[in-house]
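The values are calculated or read from the model by the stated rules, or taken from the named source; none is laboratory data. Since the model is a prediction, treat every value here as computed from it, not as a measurement. As a convention, Cβ positions derive from the backbone with ideal geometry for all residues, glycine included, and neighbour counts pool all protein chains shown.
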Amino acid sequence: MTEKQQAEGTVGKALSVLDTIASIGHPVRLVELLPHTKYPKPTLYRLLQTLTAQSMLAYDPDRQTYSLGVRLVRLAHAAWNQSSLAPIARPHIDALSKKLCTTVHLAQLDNGQALYLDKRNAASPIEMFSQAGKVGPGYCTGVGKVMLAFLETEQQNDALKKQAFHAYTPNTHTSKESLQKELNEIAKSGVAFDNEEHEPGIICIAAPILSAKNRVIGGLSVTSSTRRHSLADLKDLQPDLLSTAKGIGQAAESWYFPDQNNSLKT
């Protein structure tokens, strides 16, 4: 094994430990963490010590627990500002939420799933799973499906392999074949719907955020509940949704690829 391979292996193991602790959701002791990883106890202990020394984890000596460290907060904040659509999209989704008086979500794909970047609530927000920083299933959320639908074939095939197809509700897709059929329809219509597929009573309409070369850079959705709206009601919001998604894509293009001539001016 080369030095580079060994380093990558160590980094990969450390990141998987961070992911595991984050998924558990509360400070965890080594013995509690051990069954959730594939590493022997000495290896896991060594990784925990390294991560703690780098402030990626915090250790409570009284409770003997590990939790995510403050360094991750700083890195997450920098990533939110530098690498996500959130800062660019915020004025657009604020305006959309205010105009439609409902909840708007912004997301990007993360390993085939929908990573929620921002959530702008209307005056009467709806309680639901999605919050900024949470990851929702790609196959049964509006933003997840619409982003999957507009991926290039190779990327889409890879992303579909990463779907769990767990039945959250009677309306959830439980096979690649049924999802693929809907993705083809979404690609033609330009929007996706969540018909109570992830959470009972929660519905949405979603649109892709595309680059100038029609590559998926995010997803945008307008969400409501079956108590307030029907899917037909949400369909009427399609023009505003598509217009906002297009505006975010254009704003992101100029941010990701600024005019070099202008940037050199003093």
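Observations
- Pairing residues of segment 212-238 that are free of Cβ contacts under 8 Å to residues at least 60 places away in the same chain and closer than 27 Å to Leu85 by Cα with residues that are surrounded by 13 or more Cβ atoms within 10 Å (Cβ to Cβ) and charged (D, E, K, R), at Cβ distances under 7 Å and at least 6 apart in sequence or on separate chains, gives Ala212/Glu253.
- Test: residue in segment 135-145 that is at pLDDT below 95 and either surrounded by fewer than 22 Cβ atoms within 10 Å (Cβ to Cβ) or not in a helix (DSSP H, G or I) (or both): yes
- Across segment 11-20, not a single residue is classified as in contact with a strand residue (DSSP E or B) (Cβ under 6 Å, 6 or more places away or on another chain), surrounded by 14 or more Cβ atoms within 10 Å (Cβ to Cβ) and either assigned to a helix (DSSP H, G or I) or at pLDDT 90 or above (or both).
- Selection from segment 91-105 of residues that are farther than 16 Å from Gly247 by Cα and among the β-branched types (Val, Ile, Thr): Thr102, Thr103
- Evaluating Thr50 against the criteria (1) more than 30 Å from Ala252 (Cα to Cα); (2) at pLDDT below 90 leaves one unmet condition, (2).
- Qualifying positions in segment 21-45 - in a loop (DSSP other than H, G, I, E, B) and in contact with a Phe, Trp or Tyr (Cβ under 8 Å, 6 or more places away or on another chain): Pro27, Arg29
- Filtered by the rule that a residue be part of a loop (DSSP other than H, G, I, E, B) and within 21 Å of the chain's Cα centre (by Cα), segment 93-110 gives a lone residue, Thr102.
- Close pairs (9 angstrom Cβ cut-off, 6 or more residues apart or separate chains): touching a residue at least 40 places away in the same chain (Cβ under 8 Å) and at negative phi in segment 158-179, loosely packed, with under 14 Cβ neighbours inside 10 Å and of a type outside the set (A, V, I, L, M, F, W, C) anywhere: Ala159/Asn111; Lys162/Asn111
- If you check Ala58, Ala53 for being small (Gly, Ala, Ser) and out of contact with any helix residue (DSSP H, G or I) (no Cβ under 9 Å at 6 or more places or on another chain), only one passes: Ala53.
- Each residue in segment 135-158 was checked for being touching a helix residue (DSSP H, G or I) at 6+ places or on another chain (Cβ under 8 Å) and under 18 Å from His198 (Cα atoms), and 8 of them qualify.
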